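In what follows, a structure is listed as structure tokens, so that the remarks can point back to it.
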Amino acid sequence: MTNKNAPIGVFDSGVGGLTVMKEIMYQIPNEKIIYFGDTARVPYGNKSKDTVLRFSRQIVRFLKTQEVKAIVIACNTASAYALEDVEKELDIPIIGVIHAGAKTAVESTRNGRIGVIGTEATIGSGIYTEVMKKMKPGIQVFGKSCPPFLPLVEEGWIHDQV
């Protein structure tokens, strides 16, 4: 049985998942969290599915040593490439970010057209289109990979001329 006072593990390929962690802290203020940002191997979006799955398994093993009660994959690419496989291997809940993002977009669109930007891997996986069309079959989803975007965000260059 999982200890209800155990922390939740959150991981991302970098620091972008801190926004997910912040939301968890807002929604569940007294929850303990262990955050793992894989800044040594960022970005995941230009890596193969096998590589992202291997990295994800390594991080999940580490988080399990910290006796977490659940894991949140705060990385779109790892959610797209690894969630389904890792979920089968765990005895604790594991949650990705794709469904939450897709749900928000589907509920927010006024014209049934949604643009998704992401890494090459996330967009190439087609996961957002698949999930959104299950939620609302007539929706149009336009995906565009933006390889330079992630490094700019990870470096904090959100107000930079670039």
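The values are calculated or read from the model by the stated rules, or taken from the named source; none is laboratory data. Predicted model only: the values in this text are computed from it and were never measured. As a convention, Cβ positions derive from the backbone with ideal geometry for all residues, glycine included, and neighbour counts pool all protein chains shown. Ligands, DNA and RNA are excluded from the accessible area calculation, which covers all protein heavy atoms including side chains. Shrake-Rupley method; radii C 1.70, N 1.55, O 1.52, S 1.80 Å.
Overview of results
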quantity	calculated
Exposure ranking of Arg110, Arg61 by accessible area [1.4 Å probe, largest first]	Arg110, Arg61
Rounded FRET efficiency, nearest 0.05, which uses the C-beta distance separating Lys133 from Leu90 and R0 of 30 Å	0.60
Extension reserve of the Ile117-Ala100 stretch, reckoned as 0.36 nm per residue once the Cα distance is removed	4.6 nm
Qualifying aspartates and glutamates (Cα of each under 16 Å from Cα of Lys4; at least 8 residues distant if same chain)	Glu31, Glu67, Asp91
Eligible aspartates and glutamates near Lys103 by straight Cα distance, threshold 20 Å, same-chain separation 8 or greater	Glu23, Glu84, Glu130
Straight-distance crosslink candidates among lysines, where the alpha carbon sits under 19 Å from Lys88 and sequence neighbours closer than 8 are dropped	Lys49, Lys64, Lys69
The stretch 54-95 and the stretch 111-152: distance between their alpha carbon centers, rounded to Å	22
Total charge dipole magnitude, the stretch 10-133, about the Cα centre, Cβ charges on Lys, Arg, Asp, Glu only, Debye to nearest 20	160
Relative contact order [Cα under 8 Å, 6+ residues apart], the stretch 1-141, whole percent	24
Label point 7 Å beyond Cα of Arg57 along Cβ direction - residues of the stretch 80-115 with amide nitrogen under 20 Å	80-96
Residues whose placed amide H lies under 5 Å from that of Val116, excluding near-sequence neighbours	Phe142, Gly143, Lys144
Dmax and Rg, reported as Rg then Dmax, of the chain (C-alpha, Å)	16.0, 52
